[in-house]
1. Compute the relative contact order of the stretch 109-211 as a whole-number percentage, counting only Cα pairs closer than 8 Å that sit 6 or more residues apart in sequence.
2. With charges only on Cβ, +1 for K and R and -1 for D and E, what is the dipole size of the stretch 331-424 about its Cα centre, in debye, rounded to 20?
3. Which FRET efficiency, nearest 0.05, do T411 and D42 yield, Cβ-Cβ r, R0 41 Å?
4. Report, in order of residue number, the helices in the chain meeting two criteria: a C-alpha extent of 27 Å or more along the helix axis, and a mean Kyte-Doolittle hydropathy of at least 0.0; treat each whole DSSP H run as one helix.
5. How much length is gained if the chain between F197 and K11 is pulled fully straight, taking 0.36 nm per residue apart and subtracting their Cα-Cα distance, in nm to one decimal?
6. Could you order the peptides 130-142, 341-353 from most to least packed, using the average number of other C-beta atoms within 10 Å per residue?
7. For I186, I49, what's the largest-to-smallest order of accessible area, 1.4 Å probe?
8. Please give the Cα centre distance for the stretch 1-38 versus the stretch 219-254, rounded to the nearest Å.
Amino acid sequence: MTSPFYKFYKKSREERLAILLKEHYLTPNDYDLFLNNKLLDDDVANALIENQLTQFPLPMGVAMNFIIDGEKKVIPMVVEEPSVIAACSHAAKMTLPDGITTKVHSRQIIGQIILKDVVDHKEASQMIDSHFREIKEIADNTHPSIVARGGGLKKIKTRSISDTSEQNFFTIHLFVDVQNAMGANIINTILEGVTPFVLELIQGASLMSILSNYNTDCLVSASCKVPFLQLAPSVEQGKLIAEKIAEASLYAKLDPYRAVTHNKGIMNGIDSVVIATGNDPRAVSAASHAYASRHGQYEGMTNWYVVEDHLIGELTLPMAVGSVGGAISVLPMAKANLDLLEVRDATDLARIILSVGLAQNLAALKALVSVGIQKGHMSLHASSLAIQVGAKGEEIEEVTKALRRAPKMNTQIAKHILNKLREK
Ligand code: NDP
């Protein structure tokens, strides 16, 4: 008997949903939800992913109070976790009056040609260096449109990679200026064009050619200067908090157990903007965490220290995001969010993302070293709890308020409050 899922990928969205309903994978309610929940045209959604069934909405909000490189910004963030946006807006306010300053160190993306069975690595390296002009010509001819836009292959480096066994690899890094794209497809196209020529130059076998998401030549920094008085009502209290934030950042450098949580908080902000702008959060996360391990141990991503009557914060990460290409140019919401951010090019977006990461970290550290994180978090979590226990319409606000007043907050208490409200 043919499986009901036979050639599932060839069916229309409606047919796929009907099959899942018929086979009892979906309840009628969920079927209706999946069927009718549509923000994207089917053509767009089908072009983006395979076996498209429906769309998965997440709330989008905006973080306020940001001044980045002297410009006021309203930041769209797509996130399901309460308190992230509130904390981010609160921290952005603490960076005033100056706001956050950013710097783009460089913007080149790396493609790797990985070869094995190369006998003489030194000779291979010399061959690559002495044929740079030819390699560049091939790269440029493979992707002429990026050259016309001012980008293309800029430099090459070679590396010897080996483990303790006999096995060793010879790797060639192509550094490409991809202009305003994230660049994965551009790089992969260039690698496809260049690899056969490299194999003519060097005796060896190809293992693979692929972009590296570890974008160490695409580093962006954000920094801020927080006056003590932005941290507390008095300079003395503010100084105390600033010193504790500096110690907390030092601690996150020393202990990976803390560093992971420290960095998770930073990624709360970064991922939310990356998603809101149609960029690839997996690529950004992989690069960020690898960069946090560059000294051999996983470390906190930020540096905070005290100078005179200010707390200074810094965050540097690889940020290979695009303002065109991939899903960015396809998702209407991503395009609208880039407009909202008044992003002129990919570096603008990278600067904003780093600024949000830095602010998010400031908010978390300040809460942790002063009132604790749970107070603010749970207060915002109250409305989620209210919805979880079935509050509807105006009940949500009423249950939320009562939960915030309650000595403890959990689903049982939320249920109790809702029941009492309904008895009235
Ligand atoms: P695209 O190929 O979609 O976009 C790049 C293209 O956009 C360029 O080739 C160019 O084409 C056009 N373009 C228009 N204006 C500009 C401009 N100002 N600057 C640069 N390009 C411009 O995407 P990317 O190469 O950026 O690849 C990103 C996608 O690849 C993402 O969806 C990502 O998820 C995916 N991906 C990621 C991988 C990874 O991270 N490991 C692996 C594989 C794919 P033209 O000149 O012809 O107009």
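1. On the way: 181 pairs, mean separation 48.7, N = 103.
47 percent.
2. Details: 14 positive and 9 negative charges, 117 e Å.
For this selection, approximately 560 debye.
3. On the way: r = 37 Å, r/R0 = 0.91.
Approximately 0.65, to the nearest 0.05.
4. Values: long enough: 235-254 (29 Å, 0.18); 256-276 (29 Å, 0.20); 346-369 (35 Å, 1.26).
Within the chain the helices that satisfy the rule are 235-254, 256-276, 346-369.
5. On the way: separation 186, 0.36 × 186 = 66.96 nm, distance 4.22 nm.
So the chain would gain 62.7 nm between F197 and K11.
6. Details: 130-142: 15.7, 341-353: 21.2.
Top to bottom by mean Cβ count within 10 Å: 341-353, 130-142.
7. Values: I186 20, I49 95 Å².
In descending accessible area the options line up as I49, I186.
8. The two parts, judged by their Cα centres, are 53 Å apart.
The values are calculated or read from the model by the stated rules, or taken from the named source; none is laboratory data. Keep in mind that this is a model prediction, so the values were computed, not measured. Glycine gets a Cβ as well: all are built from the backbone with ideal geometry, and neighbour counts include every protein chain shown. For the accessible areas, the whole protein counts, side chains as well, though only heavy atoms, and no ligand, DNA or RNA atoms are used. Shrake-Rupley method; radii C 1.70, N 1.55, O 1.52, S 1.80 Å.
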